[in-house]
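> A single structure is presented below for examination.
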Amino acid sequence: MGDICLPSKLAALAAEVEEEGIAFYGVLSKRAAIGNNVNRIFLTLSEQEKAHRKTFLKIAEALKQDETTYEFPVNVGNLLQISIDKLKRTLFALNTVDSGPIDMKKSLAIAIRTEAESVKAYTAMEEKFPDKFTQMLEKIIAEENKHLDTLLKVKDRLDL
């Protein structure tokens, strides 16, 4: 069973996922005790999430006037909300413990899962959203796939 939603709501949820990603990668860039190169990777991912958030906010604003609901092949809203909740819980845990090294294996697993879920959700959105947003969504999907590849390489390099 799919998901019936207003596209503007989904775009706003996607912007929130990206906002949590900015904070998550920002914390990892500051607290990862595994070398400057990996820290820079997390900082770059955080910066790219900022651009994605900005794009989704533009899409949400443009779609606010359209009250048409669409049926999506997957539960896009649920996927996005789960990602938001997971990132918020992780950030809370990271921000409430001491400022020492973090559990990189767990953090990478969360990041990899979130990026994979984002690709799935954004692909479903791209298939149903008005054509004028296709190019923007395709660009974000391609970048999210690159994020996923980067995180998998970091995981392999760190042998986690």
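> Multiply the residue gap between LYS128 and ASN95 by 0.36 nm, knock off their C-alpha separation, and tell me the result in nm, one decimal place.
Working: separation 33, 0.36 × 33 = 11.88 nm, distance 3.73 nm.
Full extension of this stretch gives 8.1 nm more.
> For VAL74, which sequence-distant residues (separation of 5 or more, or a different chain) have an amide H within less than 5 Å of its own amide H, given hydrogens modelled in the peptide plane?
ASP3
> Which angle from 0 to 90°, rounded to the nearest 10, does the C-alpha axis of helix 7-31 make with the longest principal axis of the chain?
Compared with the principal axis, the helix lies near 10 degrees.
> Distance cut-off 32 Å, Cα to Cα: go down the list LYS105/LYS132; LYS64/LYS153; LYS64/LYS86; LYS30/LYS64; LYS132/LYS155; LYS106/LYS132 and report the pairs above it.
Those over the limit are LYS105/LYS132; LYS64/LYS153; LYS30/LYS64; LYS132/LYS155; LYS106/LYS132.
> Report, in deg cm²/dmol and to the nearest 500, the calculated mean residue ellipticity at 222 nm for the chain, where each DSSP H run with n ≥ 4 adds -39500 (n - 2.57) and the sum is divided by the residue count.
Estimated from H runs of four or more residues: -27000 deg cm²/dmol.
> Using only Cα atoms, tell me the angle between helix 76-96 and the longest principal axis of the chain; keep it within 0 to 90° and round to the nearest 10.
30
> Could you please tell me the mean projected area of the C-alpha convex hull for the chain, averaged over all directions and given in square nanometres to one decimal? Write out the running numbers ahead of the final one.
Numbers: hull surface 35.9 nm².
Computed as one quarter of the Cα hull surface, the answer is 9.0 nm².
> With axes computed from alpha carbons, what is the tilt in degrees of helix 36-63 against the longest principal axis of the chain, rounded to the nearest 10 within 0 to 90?
20
> Hull surface divided by four, with the convex hull built on the Cα atoms of segment 85-160: how many nm²?
So the mean shadow area of the Cα hull is 5.8 nm².
Taken together, the values in this text are just the output of simple stated rules run on the coordinates, not laboratory data. Note that the structure is a prediction, hence the values are computed from the model and not measured.
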